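Step one of this worksheet: look at the structure below.
The values are calculated or read from the model by the stated rules, or taken from the named source; none is laboratory data. Since we're looking at a predicted model, the values are computed, not measured. All Cβ positions, even for glycine, are placed from backbone atoms using ideal geometry, and neighbour counts span all protein chains on display. The area values use the complete protein model at the heavy-atom level, side chains included, leaving out ligands, DNA and RNA. Shrake-Rupley method; radii C 1.70, N 1.55, O 1.52, S 1.80 Å.
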Amino acid sequence: MVLDNAQDYVLERASAWAEIRESKKKETVLTAQAIGIEYFQLGTLREECLKLDYKGVYGYLPKSFIDNYDFKGIQSFIGKYFEFVVSYVDSEGEIFAANRIKALEVLGERFWKNGKVNQTIPAFVRGVDRFNAYLLVNGVPVVMHRNDFSHTFHDDLRQILFIGDVINVKVTSIQKPNPDYEIAGETPTEEEAQIIKGHVTVSAKALEVDPLTYISEYQEKSTYLGVIEKVHLEYGIFVRLLPRNIVALAGFPPGTNKELLREGQQVNFKIQYIDKEKRHVKGLIITPKQGAYNQAKGNRPYGSR
C-alpha cells in the first residue's frame with residue numbers, strides 16, 4: 001500500500017510538471033490554491049507572492065501579476081483558488097512562477113467568443129464597496145450593483161462579500177467589444193467606452209427563488225413570526241417573515257427596549273399592507289416580552305391595568 005501511494009505521488013507530480021511546462025509553452029490556463037504568502041526572488045526582482053500548490057508542486061504568483069486591480073493587501077487570498085499561466089519554470093528547484101493577468105486575458109478572449117446570456121458562471125470578487133461588487137467573470141471585469149445581489153436587501157455589501165470570494169452569477173447581457181467604433185469627441189464617454197471594450201451584466205439574484213412568489217400565503221392585518229434582519233436608523237427595521245423569508249419593513253416601536261430589537265431576534269410582525277407591484281410589505285413589530293421586561297425592571301406589573 002505504501003508503494004502504491006508513492007507511485008501515485010510520483011505519477012501525479014510528473015503529470016503536474018507536464019501541465020506546468022505545457023502552460024509555459026502554450027499559455028494554457030491552470031488553477032491552483034494559494035496556501036501562503038512568501039517573498040520570492042527572480043533575478044534582481046524580489047516581490048511579495050502568493051504561494052500556490054498545483055498538485056503538489058509549489059509556484060509563486062507575484063502580487064503585481066495577480067490582477068490589474070489595486071489590492072491593498074493579499075492576506076484574504078490565502079485559501080482561495082487562482083487561474084494562472086506559467087511564466088517561469090525552475091526544474092532544478094522544482095518551482096514555477098505564475099502570471100494571473102495573462103490568464104485573465106486568455107479567459108476573457110474565450111468568453112467574448114463563447115459566452116452566452118443566461119449561463120451561470122463563478123465570479124471572483126476583486127473589490128467591494130457599499131453599493132457594488134467588482135467581479136471578474138471568466139476574466140472580464142463586471143460591476144454588479146447590490147440590487148442584483150439578492151432579493152434580500154443589503155445596506156452594505158461589504159458586510160456580506162469579501163475580496164477573494166467566489167459567487168455564482170447569471171449572465172443577463174453581453175455586448176461584445178467593438179474596438180473600431182468611432183467616438184464623437186476626443187475622449188470616449190462611459191457609454192462609448194463600454195461599446196469599445198465590451199460590456200457584461202450579471203445577477204446573483206437571478207439564481208434565487210423570489211420569496212415574494214409566496215406572498216399569497218400572508219394576509220394583511222394578520223400577525224406572523226419573523227426574525228430581525230437589519231436595524232437601520234434611516235429606513236427602519238427589516239424583518240424576515242418565516243418560513244418564506246419575505247423581507248418586510250417596520251418602524252421603531254415607541255417605548256420598546258432596544259434589547260428586544262437586536263438583529264437575529266425573533267419578533268411578532270403584524271402586516272399592515274402588502275403592495276405586490278412595488279414589492280413592499282410593511283407592518284408593526286409587536287413585542288410581547290416588553291411587559292415581562294418592565295416587570296423585571298420594577299416598572300408597571302405585567303398584565304396590570
Out of (1) modelled with pLDDT of 90 or more; (2) of a type in the set (A, V, I, L, M); (3) open to solvent by less than 40 Å² (accessible area, probe 1.4 Å), what's the single condition that is false for Leu242?
(3)
Residue count for region 150-200, restricted to those that are under 30 Å from Lys230 (Cα atoms) and open to solvent by less than 50 Å² (accessible area, probe 1.4 Å)
12
Matching residues, region 247-276, being among the aromatic types (Phe, Trp, Tyr) and closer than 13 Å to Val231 by Cα
Phe252
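Yes/no per residue for (1) at pLDDT 95 or above; (2) basic (Lys, Arg):
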position: Lys63; (1), (2): no, yes
position: Phe82; (1), (2): yes, no
position: Glu92; (1), (2): no, no
position: Ala98; (1), (2): yes, no
position: Ile121; (1), (2): yes, no
position: Lys170; (1), (2): yes, yes
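What is the residue count in region 118-149 for residues that are assigned to a loop (DSSP other than H, G, I, E, B) and surrounded by fewer than 17 Cβ atoms within 10 Å (Cβ to Cβ)? Don't jump to the end; show me each part of the working.
Applying the first criterion (assigned to a loop (DSSP other than H, G, I, E, B)) to region 118-149 yields 118-119, 129-131, 138-139, 149.
Now drop any that are not surrounded by fewer than 17 Cβ atoms within 10 Å (Cβ to Cβ), which leaves 118-119, 129-131.
Number of matching residues: 5.
Is it true that Glu105 is open to solvent by 70 Å² or more (accessible area, probe 1.4 Å), under 17 Å from Val29 (Cα atoms) and either touching a helix residue (DSSP H, G or I) at 6+ places or on another chain (Cβ under 9 Å) or of a type outside the set (A, V, I, L, M) (or both)?
On the way: open to solvent by 70 Å² or more (accessible area, probe 1.4 Å): yes; under 17 Å from Val29 (Cα atoms): yes; either touching a helix residue (DSSP H, G or I) at 6+ places or on another chain (Cβ under 9 Å) or of a type outside the set (A, V, I, L, M) (or both): yes.
When the stated conditions are applied, Glu105 passes them.
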Within region 79-99, how many residues turn out to be surrounded by 14 or more Cβ atoms within 10 Å (Cβ to Cβ), closer than 14 Å to Lys51 by Cβ and not hydroxyl-bearing (Ser, Thr, Tyr)?
7
Sole miss for Glu259 among (1) at pLDDT 90 or above; (2) of a type in the set (Asp, Glu); (3) open to solvent by 60 Å² or more (accessible area, probe 1.4 Å) is condition (1)
Note down all Cβ pairs under 9 Å where the first residue falls in region 105-128 and is over 20 Å from Val86 (Cα atoms), the second is part of a helix (DSSP H, G or I) and open to solvent by less than 30 Å² (accessible area, probe 1.4 Å), and they're at least six residues apart or on different chains.
Ile121/Phe111; Val128/Leu157
Quick check on my filter: what residues within region 79-117 are among the hydrophobic types (A, V, I, L, M, F, W, C), out of contact with any Gly (no Cβ under 9 Å at 6 or more places or on another chain), assigned to a helix (DSSP H, G or I) and within 28 Å of Ala206 (Cα to Cα)?
none
